[in-house]
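*Asks:* Below is the structure I would like to discuss, written out as structure tokens.
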Amino acid sequence: MSMTTAQTDEVVKEPPAPATPSDERERERMRRRLARKRGGGWWPYVFLAPWFVGLFGLTIYPMLDSLYLSFTKFDLLTSPEWIGAGNYDRMFTEDPVFWDSVRATLLYVVVSVPLKLALALGVAILLNRPLRGIGLYRAAFYLPSLLGGAVAVAIVWRQVFGGDGLFNDVLGWFGITGQDWISSPDTALYTLVLLAVWQFGTPMVIFLAGLKQLPKDVYEAAAIDGASPVTRFFRITLPLLTPIVFFNVVLQIIDAFKTFTPAFVVSNGTGGPLNSTMLYSLYLYKKGFTDLQMGYASALAWVLFLVIAGFTAVNFVAGRYWVHYDD
Amino acid sequence: MGHQISRRTLFRTASGLAAAGALGSALTACGGGTGAGSANDRLTMTWWGSDERHAAYKKALAAFQKKNSAIEIEERYSGYDGYFDKFNTNVAGGSAPDLLQMDTALVAQYARKGVLAPLDSYVGKSLDLTGFSRTLLAAGTVDGKLYGVPSGIGVNQLTVNRSGLEKLGLDFPDPEWTWADLKKISVDIHKKSGGKIYGTDDVGGGALQAFEIFAREKGEQLFSADGKKLGFTSDTLQEWWEYWADLRRADACPPPAVTSAAHNDLTKNAVVIGKALFTFDTGVYGAGGSITDATLDFLPTPQGDWSGAREGNYVNGGVLLSATKASKRVADSVKIVSYLAQDPTAIKDMQLLRGIPPTEKARDLIKAGLNDTDRRNLAMADHISSRVAKASDVLDAPQPPPQGADQIWDLLFQSNLSIAFGRTTVKSQLGRFFDQAAGILSA
């Protein structure tokens, strides 16, 4: 079907007949109309100006500035002092907390993203059925995502998984004595993972939209051929859905790398216990705004930028081998 | 399908755009920072504290404004968490407050960076410091200049759940107690409570002043005179960590999860949650006592029980009030500082909420209006300061700590916690501690 549209696209329109040299007035009018149409002078730029101001003032300039600052020692209160690659050197050779934060962040990304996407897909499949009041269910499952980014929920989390929290009360019903999950370096990060997974709503909605687009005739054919639901899922649903999976994977990885709020709130701004919840963005914030090492924080930001860009590039390259577009 | 955009293009473009947008925000989050600046000509004043302190400040400032109608004050107050993060951002953005409550631990750092205004030229004129002792003013003095006016006398005290001790049938310790006494009574508390309550909270990693006083009892300061090095020896820190490791083994203090939970969170303090009867965290009482139902009493930090142990306590300045250098209203700020220090109504409003008032006159004024807990606190403070005044072997009060000091506190806390969780040993952590501390102080 898309082949036909591609062909119509190739059709070359006949050029308009050139004005005869004798008709001076007509030519003049034509020239003016063209000038108005093509040039328009600066009007388009006036309308684009607010966006340009935002782009340069709020994105490009601060980015370049932070690149410059990353080569300086800058305490936010006095002028920056050029120290070359000193910040980067320190980061990789003499800052153990940097490595703690890298370890915590990678673990967080690697555990939370697949779990969250698997849950999102599972629930999307359940919600892709013609049930009564299905809209209500969908809204209910999406709700945590509306709340999840909020500070309030992170505070609740801190309470629920604390030593005398709700979670331990529930474990108590089954005769299990829980511990303080937030304050143990072995478990604290997983409470953050759980919080992330619980906010599966956004990828779920995207999966749901994708599922609704899948062609029904393929399923009918498969059912007639006697394919089981499991086979249909792995042989039809999943392959057809790979572009959507890809989209979600890319976004969720980037999001996970940048996670700040839950780590900040759940650990009470400390990244503890023992730096086990010191997610990269939290460390960056602490260095910049608490320890007044804005130059070092800028260097951290650029390393994060390059790492995320690297992960995204790998995703796009790897995507060629597993993402199937049906065109 | 009317459009020419294929699914491939759509998804790839969408993924790419989303990725680019998400990436950009990671970087710009660190680059921005425009100062809001105050549009009006009001004088901004910031402080941190408990609800009780907020109310007292507001009352005192309202009275001030009645007498000085030309000075309009915009009050911004919060808890301690994030207070200085916000201050840093405001200073960098050119919207620093005119007058602020300053931490004695940070005053040197800000003064040396040129953020604070020296107040010496106002002293004796619009800044009335009658009755302030020289040693007290040292808490706000950096490199010979006065950058902060102390709000009160601070001496380190342990807060004790007195009713808890009585319930277990244990005697209230003598104020001249030693570290060995603390261990003994803590073990007793654990035994007599059937293992439900520990004795003291674990301060092997801070409260900082506990370790500082311990080091001073050994004749050492936290920092060298120039602030470029640590002032205590590896032996002292080793003995300190081993003391707390010993208490943990004896169940005299709570396990590390409790210590970790209480970090930066007063509501999880071991005494507040009823897991211990002694706490070194002065914040429990500082919150106006409203945070626990227990009857609170106070004790000095234990004394050294080895031969040649010195008096370790010292008198510090409570919190400070400082004006910022960029402010055009330093003269007005000074008037407020002077008013809070000397005006009888302001003093009565404030009571002990910013520490024990620094002058005799002020202490006499508030005595009548104090509740029992405040009275006990004041009595113990008097006892400690007179002990310090009488001691012949006491070291000078410490200098305001150098830049990076707060990172050293954090390192101390993390180190002790790491030992408590069994991730490392005292011996191997000592080397790491001194290496990293040297790096922080030379940065």
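The values are calculated or read from the model by the stated rules, or taken from the named source; none is laboratory data. Keep in mind it's a predicted model, so treat the numbers as computed, not measured. Note: ideal-geometry Cβ built from the backbone for every residue, glycine included; neighbour counts use all protein chains shown. For accessibility, only protein heavy atoms count, side chains too; no ligands or nucleic acids. Shrake-Rupley method; radii C 1.70, N 1.55, O 1.52, S 1.80 Å.
*Asks:* Where Lys and Arg each count +1 and Asp and Glu each count -1, what net charge lies around A:Y219 among other residues with Cβ under 12 Å from its Cβ? Could the numbers behind the result be given before it?
*Replies:* Details: positive: A:K216, A:R232, A:R235; negative: A:D217, A:E220, A:D225.
Residues near A:Y219 contribute 0 overall.
*Asks:* Leaving out ligands, DNA and RNA, what percent of the accessible area of the range A:115-172 is carbon and sulfur, probe 1.4 Å? Walk me through the numbers before you get to the answer.
*Replies:* Working: 2460 of 3390 Å².
Of the solvent-accessible surface of the range A:115-172, carbon and sulfur hold 73 percent.
*Asks:* Please give the average number of partner chain Cβ atoms lying within 10 Å of the Cβ of each residue in A:265-278, rounded to a whole number.
*Replies:* On the way: counts 0, 0, 3, 8, 6, 7, 2, 8, 11, 10, 2, 2, 0, 0.
Going residue by residue through A:265-278 and averaging, the value is 4.
*Asks:* I'd like the trypsin sites (Lys or Arg not before Pro) in the range B:147-204 restricted to DSSP loop residues with at most 15 other Cβ atoms within 10 Å, sorted by number.
*Replies:* Sparse-neighbourhood loop trypsin sites (Lys or Arg not before Pro): B:K196.
*Asks:* I've got another one for you. Take chain B, connect every pair of alpha-carbon atoms lying under 10 Å apart with a spring to form a Gaussian network, then pick out the residue of B:P400, B:P302, B:P175 with the largest mean-square fluctuation.
*Replies:* Among B:P400, B:P302, B:P175, the largest mean-square fluctuation in the Gaussian network model of chain B belongs to B:P175.
*Asks:* Averaged over its residues, how many other protein chain Cβ atoms are within 10 Å of peptide B:259-267's Cβ atoms? Walk me through the numbers before you get to the answer.
*Replies:* Working: counts 2, 13, 10, 2, 7, 5, 5, 0, 0.
The shielding value for this peptide is 5.
*Asks:* Moving on to the next point. Counting protein heavy atoms only and a 1.4 angstrom probe, how many square angstrom of accessible surface do chains A and B bury in total, to the nearest 100?
*Replies:* Rounded to the nearest hundred, the buried surface is 4600 Å².
*Asks:* Collect residues whose amide H, placed 1.01 Å from N in the peptide plane, falls under 5 Å from the amide H of B:L230; neighbours closer than 5 in sequence don't count.
*Replies:* B:S224
*Asks:* Where a ≥ b ≥ c are the square roots of the eigenvalues of the C-alpha gyration tensor, would you call the protein assembly as shown rounded, which needs a/c under 1.5, or, failing that, prolate if a/b is larger than b/c, or oblate?
*Replies:* prolate
*Asks:* Can I ask one more? Please tell me the relative contact order of the range A:95-322 in percent, rounded to the nearest whole number, where contacts are Cα pairs under 8 Å and at least six residues apart. Mind showing how you got there, number by number?
*Replies:* Numbers: 242 pairs, mean separation 67.0, N = 228.
29 percent.
*Asks:* Related question: Name the shape class, rounded, prolate or oblate, that the alpha-carbon gyration tensor gives for the range A:95-322, where a ≥ b ≥ c are the square roots of its eigenvalues, rounded holds for a/c under 1.5, and otherwise prolate holds if a/b is larger than b/c and oblate otherwise.
*Replies:* Working: a/c = 2.51, a/b = 1.48, b/c = 1.69.
Oblate.
*Asks:* Hey, can you grab everything whose amide H is under 5 Å from the amide H of B:K325? Only 5+ residues off in sequence or another chain; H modelled, so Pro and N-termini drop out.
*Replies:* Amide H to amide H, under 5 Å and 5 or more residues apart or across chains, B:K325 pairs with B:L116, B:A117.
*Asks:* Compute the FRET efficiency between B:K67 and A:E26 as 1/(1 + (r/R0)^6), taking r as their Cβ-Cβ distance and R0 = 51 Å, and round to the nearest 0.05.
*Replies:* It comes out at approximately 0.05.
*Asks:* Just from its helices, what would the mean residue ellipticity at 222 nm be for chain A, if runs of 4 or more DSSP H residues each count -39500 (n - 2.57) and the sum is divided by every residue, rounded to the nearest 500 deg cm²/dmol?
*Replies:* Helix-only estimate at 222 nm: -21000 deg cm²/dmol.
*Asks:* For a quick check, take a GNM of chain A with Cα springs below 10 Å and name the residue from A:V46, A:V230, A:V205 with the largest mean-square fluctuation.
*Replies:* Residue with maximal mean-square fluctuation among A:V46, A:V230, A:V205: A:V46.
*Asks:* Here's another thing I want to ask about it. Per residue of B:122-133, how many C-beta atoms from partner chains lie within 10 Å of its own C-beta, taken as a mean? Provide the component values of the computation, followed by the final result.
*Replies:* Working: counts 0, 0, 0, 0, 0, 0, 0, 0, 0, 0, 0, 0.
What the average comes to for B:122-133 is 0.
*Asks:* Something else about it: Modelled label-to-label distance, B:S133 and B:D120, 7 Å Cα→beta-carbon offset: nm?
*Replies:* Label at B:S133, label at B:D120, 2.3 nm between them.
*Asks:* Of all accessible surface on chain B at a 1.4 Å probe, what whole percent is carbon and sulfur?
*Replies:* 51 percent
*Asks:* What number comes out for the charge environment of B:G169, summing +1 per Lys or Arg and -1 per Asp or Glu over other residues with Cβ under 10 Å away?
*Replies:* -1
*Asks:* Kindly identify chain B as rounded, prolate or oblate by the Cα gyration tensor criterion: order the square roots of the eigenvalues as a ≥ b ≥ c, call it rounded if a/c is under 1.5, otherwise compare a/b with b/c, prolate if a/b is larger, else oblate.
*Replies:* Note, shape of chain B comes out oblate.
*Asks:* At 1.4 Å probe radius, can you tell me the per residue accessible area of the range A:95-322 in Å²?
*Replies:* The answer is 46 Å² per residue.
*Asks:* Scan around B:Q403 for amide H atoms under 5 Å from its own, H built in the peptide plane at 1.01 Å from N, and keep only partners 5 or more places away or cross-chain.
*Replies:* Under 5 Å from the amide H of B:Q403 lies no amide H from a residue far enough along the sequence or on another chain.
*Asks:* Quick one: accessible area per residue over the range B:147-306, 1.4 Å probe, rounded to a whole number of Å²? It would help to have the intermediate numbers written out before the result.
*Replies:* Working: 5740 Å² over 160 residues.
I get 36 Å² per residue for this part.
*Asks:* Tell me, what ³J(HN,Hα) does each residue in the range A:128-140 have, in order and in whole Hz, if you take phi through Karplus 6.51 cos²θ - 1.76 cosθ + 1.60 with θ = phi - 60° and put x for Gly and Pro?
*Replies:* For the range A:128-140, the Karplus curve yields 8, 9, x, 9, 6, x, 4, x, 5, 4, 4, 4, 4 Hz.
*Asks:* Within 10 Å, count the other beta carbons around each residue, average over each peptide in B:143-152, B:355-364, and list them highest first.
*Replies:* My ranking of the peptides, most packed first, is B:143-152, B:355-364.
*Asks:* Can you check what the net charge comes to around B:A438, using other residues whose Cβ is under 13 Å from the Cβ of B:A438 (Lys, Arg +1; Asp, Glu -1)? Please report the intermediate quantities before stating the final value.
*Replies:* Values: positive: B:K228, B:K229, B:R432; negative: A:E94, B:D435.
Overall, the nearby charge balance is +1.
*Asks:* Counting helices only, and only those DSSP H runs with n ≥ 4, report the 222 nm mean residue ellipticity of chain B as the sum of -39,500 (n - 2.57) divided by its residues, in deg cm²/dmol to the nearest 500.
*Replies:* That calculation yields -13500 deg cm²/dmol at 222 nm.
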